[in-house]
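I have placed the structure first, in the form of structure tokens, so that the comments after it can refer back to it.
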Amino acid sequence: MNELILIGDRVLIRAEEGEQQTKTGLILPASVAEKERVHSGRVQQVGPGYLMANPEYSEGEPWAPERPAVRYLPLQARPGDFAFFLRDEAIEITFEGEAYLIVPHRALLALVRTHDEDLPGELDIDDLLK
């Protein structure tokens, strides 16, 4: 999947499709589940994040080391997370024969992360600004 590069605050999701079963045991056909406003799926890839100005950038100091003018604020979503998102915001694509959804980060409602590494609440602000 190295050829597909997501831009900015986009998240690539492989949506759950097909029949779904309710808590009471009713099986909903895919056509009914497709009309739901909130969908879910597995995060496959995330973009670099929100573009922001680099506070360390300066054009007026020729002796200072060169630094990029912009930085990216990373997204909360990570590959492998299970995401709940607003279906209206998603864009369907087919890449290498697989169906995916590209969803803006703002359309994500909740994430289920099964691995504990680097939870957003445990990150240092200096790590985010690197």
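Take E3, E92 and order them by how many other Cβ atoms sit within 10 Å, fewest up front.
Arranged by neighbour count, lowest to highest, E3, E92 become E3, E92.
Expressed in nm to one decimal, what extension gain is obtained for the pair L73 and T114 from 0.36 nm per residue of sequence separation less their Cα-Cα distance?
Length gained, L73 through T114: 12.5 nm.
Karplus couplings for the stretch 92-109 from phi (6.51 cos²θ - 1.76 cosθ + 1.60, θ = phi - 60°), rounded to Hz, Gly and Pro as x?
7, 9, 10, 10, 6, x, 9, 8, 9, 10, 9, 10, x, 4, 5, 8, 6, 9
Calculated FRET efficiency, R87 and L4, Cβ-Cβ r, R0 30 Å, to nearest 0.05?
0.90
What's the local net charge at V46, with K and R +1, D and E -1, over the other residues with C-beta under 10 Å away?
Charge balance near V46 sits at 0.
None of the figures in this text is laboratory data; all of them are computed from the coordinates on show. Remember, predicted model here, so these are calculated numbers, not experimental data. Positions of Cβ are backbone-derived with ideal geometry, glycine not excepted, and every protein chain shown enters the neighbour counts.
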